[in-house]
Amino acid sequence: MFLKRIELQGFKSFANKTVLQFDQDITGIVGPNGCGKSNINDAIRWVLGEQSVKSLRSGGNMSDIIFSGSEQKKKVNMAKVSLVFDNSRRIFDTPFDEVEIARQIQRSNNEATYTINRTPCRLKDIQELIMDTGLGRDSLSIISQGNISAFADAKPEERRSLFEEAAGVAKYKKRKQASLSKLEKTKENLDRLQDIIDELD
Ligand code: ATP
């Protein structure tokens, strides 16, 4: 699986439709300060479900990622980013050779919509599709600016969590946590049931 193409429209500094084509070798994106290199990284994380406006280096609302205008160009009211992956090795559990994941947002309602291969879906469907592929939100497939120095400066426990993420242990920890909180909820329900039984007796 590799990222073949990114299409951006109205996302941050990418007011007009912009298509970036990648090949299987290494691609470097270079340009002067502030030209939008990190915005591409933000765009990838946004499509993959990033919900934190702060980590997208944007304003207070998710709709602040929409192009807000410049001296030459008026603001736009919609942002859309699509990631096209080669899936010939079936890393994504779908029968398609190509998988396109897209996210769109309108300024009017600040709400995002998602599609997989142009079919509307929930964020959860995207999270499930990318789970275990190494592309997840906390995965190390995207290393942002500052990550390396943060790693060097991290406390041992923080560094350990990065190793766990790389070793694939983190997802099991998360699942364990989810199961434990389900168990806790079930226990509370049983307690409530017992209270009702006691009252009826
Ligand atoms: P550096 O090399 O300094 O890290 P960079 O190439 O990574 O810079 P980015 O941080 O990707 O640059 O882009 C910053 C630019 O994006 C700024 O000019 C900023 O005004 C513009 N920008 C960010 N959000 C928006 C938005 N919503 N609308 C319009 N422009 C935006």
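Miscellaneous remarks
- Test: residue 162 is surrounded by 11 or more Cβ atoms within 10 Å (Cβ to Cβ), assigned to a helix (DSSP H, G or I) and under 19 Å from the mean Cα position of the chain (by Cα): yes
- Positions within the range 51-84 being of a type in the set (Gly, Ala, Ser), touching a residue at least 60 places away in the same chain (Cβ under 8 Å) and within 12 Å of the ligand (Cβ to nearest atom), in sequence order: 79
- Residues that are under 16 Å from residue 42 (Cβ atoms) and modelled with pLDDT of 80 or more, drawn from the range 126-145: 135, 141, 142, 143
- Selected residue [within 16 Å of the ligand (Cβ to nearest atom) and surrounded by fewer than 17 Cβ atoms within 10 Å (Cβ to Cβ)] from 117, 110: 110
- Sole exception among (1) more than 16 Å from the ligand (Cβ to nearest atom); (2) within 19 Å of residue 22 (Cα to Cα); (3) surrounded by fewer than 15 Cβ atoms within 10 Å (Cβ to Cβ); (4) of a type in the set (S, T, N, Q) for residue 144, by number: (1)
- Filtered by the rule that a residue be without any contact (Cβ under 8 Å) to a residue 40 or more places away in the chain and either within 20 Å of residue 68 (Cα to Cα) or within 8 Å of the ligand (Cβ to nearest atom) (or both), the range 20-50 gives 31, 32, 33, 34, 35, 36, 37, 39, 40, 42, 43.
- Scanning the range 65-85 for residues that are buried (at least 17 other Cβ atoms within 10 Å of the Cβ) and outside any loop (DSSP other than H, G, I, E, B) yields 65, 66, 79, 80, 81, 82, 83, 84, 85.
The values are calculated or read from the model by the stated rules, or taken from the named source; none is laboratory data. All of these numbers come straight from a predicted model, not from anything done at the bench. All Cβ positions, even for glycine, are placed from backbone atoms using ideal geometry, and neighbour counts span all protein chains on display.
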